[in-house]
Structure formats: structure tokens, C-alpha cells
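Below you'll find the structure, written out as C-alpha cells, and then a few comments.
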Amino acid sequence: MVRHADPRRDAAACAEIYAPNVVPGPASFEEEPPGAHEMAERIATSARAYPWLVAERDGRVAGYACGAEHRSRAAYRWAVDVTVYVDPSLYRSGVGRQLYEALLPLLARQRLHVACAGIALPNDPSIGLHEALGFELVGVYRDIGFKGGRWRSVGWWQKRLLPAGAPEEPLEPQRLP
């Protein structure tokens, strides 16, 4: 089951899922994992403008996916950054795909034009998931972040959310109520 996250109910589980990607993992460029309180604030803040979804398996949060502002300049308002994190015990179980298959149509309904995903390299499983869902590599920031004792590169993938033939003059994006 995929549903919208509740900051009070889901923050601790989301923080627990995210933490191994911060320490010891290189997937996130944060250096300290956020606790449940910080994660609750992130969920609440993000959910004002973009969906934050959780997937449940056997009554517990198995993963989450969310959208976030791509850049603050006005012309970027039709782009959204997306991310997905899955409980490590459930890697390659379809949770990440399930979350993105729920998230991406919601973003398209908001009239967002393109979804962008930054992936710390190397990360073949994440690349595989994104490419299986139609994301295409658009570039690599080489040696952009220093983590785990070495320089890390970040690849950027994007996926068009609106169908080909969408009007050249886009409609204003709709934010969540």
C-alpha cells in the first residue's frame, strides 16, 4: 500500500530508512542523519508543495519517495527533484518502483514538466530503477562532494512528466492544497 506520509506517524520510520544512506553509506551527502523530529519537519514542509509518499509492507513503512524544489529561480518551477529510499531489507523487492509509480503521476497532475534525480555514483541499483522507469542520464557532476574519505560524483537523470505534444506555453504548476 502506498499513501501520503503523516509527519507524526511516519517520521521515525522514514528517518530509520534514510540513516544508512547517510552513515555509513554515500548515497546522501548529508553527514549526520536526521532524527525523527527533523524528519517530521521535512515531511511537513515538503508536503506543502509536493507529495511525500510512504509504502507499507506488513503494517510497517518499507520506503518513501518525495518531490522537492529543483531550484529556486522562477523558470525552474516546472521541474521537481525526486528521491526514493527503501528499507535495506527490502532492496530489489519492488518497493522503490511502487513508490515512483505512485509519485510520478501525482507530480504530472501538478503540471510539473520534468522530474530530476541526482544519484551519488556508483549506485547501479538506483540507476537501474530510474532507467527502468524512463529516466535518462543528462550529465554528471564529477567529484562534486567529499564523503567517506573520497571525492564523489553525482549523476543526474531526468524524466519528462507531461506527454509529448504538451503546449509550448506551460500552465502554471499547481501546488498541493
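The values are calculated or read from the model by the stated rules, or taken from the named source; none is laboratory data. Bear in mind that the values here come from a model prediction, so they are computed numbers and not experimental data. Please note: Cβ atoms are built from the backbone with ideal geometry, for glycine as well, and neighbour counts cover all protein chains shown.
Just one of (1) under 16 Å from the mean Cα position of the chain (by Cα); (2) aliphatic (A, V, I, L, M); (3) surrounded by 13 or more Cβ atoms within 10 Å (Cβ to Cβ) trips up Ala132, so point out which.
Going through (1) under 16 Å from the mean Cα position of the chain (by Cα); (2) aliphatic (A, V, I, L, M); (3) surrounded by 13 or more Cβ atoms within 10 Å (Cβ to Cβ) one by one, Ala132 breaks only (3).
I'd like the residue in region 17-37 that is in contact with an Asp or Glu (Cβ under 8 Å, 6 or more places away or on another chain) and free of Cβ contacts under 8 Å to residues at least 40 places away in the same chain and, out of all such residues, is surrounded by the most Cβ atoms within 10 Å (Cβ to Cβ).
Here the answer is Val22.
Which pairs have Cβ atoms under 7 Å, sit 6 or more apart or on different chains, and link a residue in region 92-106 that is among the small types (Gly, Ala, Ser) to one that is in a helix (DSSP H, G or I)?
Correct list of pairs: Gly96/Leu129.
Does any residue of region 145-159 turn out to be in a helix (DSSP H, G or I), touching a Lys or Arg at 6+ places or on another chain (Cβ under 8 Å) and either more than 23 Å from Asn21 (Cα to Cα) or not basic (Lys, Arg) (or both)?
Within region 145-159 (the criterion being in a helix (DSSP H, G or I), touching a Lys or Arg at 6+ places or on another chain (Cβ under 8 Å) and either more than 23 Å from Asn21 (Cα to Cα) or not basic (Lys, Arg) (or both)), the answer is no, since none of the residues qualifies.
Tell me which residues, restricted to region 100-119, are under 18 Å from Val154 (Cα atoms) and either among the β-branched types (Val, Ile, Thr) or at pLDDT below 95 (or both).
Ile119 - this is the single residue of region 100-119 that is under 18 Å from Val154 (Cα atoms) and either among the β-branched types (Val, Ile, Thr) or at pLDDT below 95 (or both).
Check Ser28 against each of (1) assigned to a loop (DSSP other than H, G, I, E, B); (2) over 24 Å from Glu101 (Cβ atoms); (3) under 16 Å from the mean Cα position of the chain (by Cα) and name the one condition it does not meet.
Exception for Ser28: condition (2).
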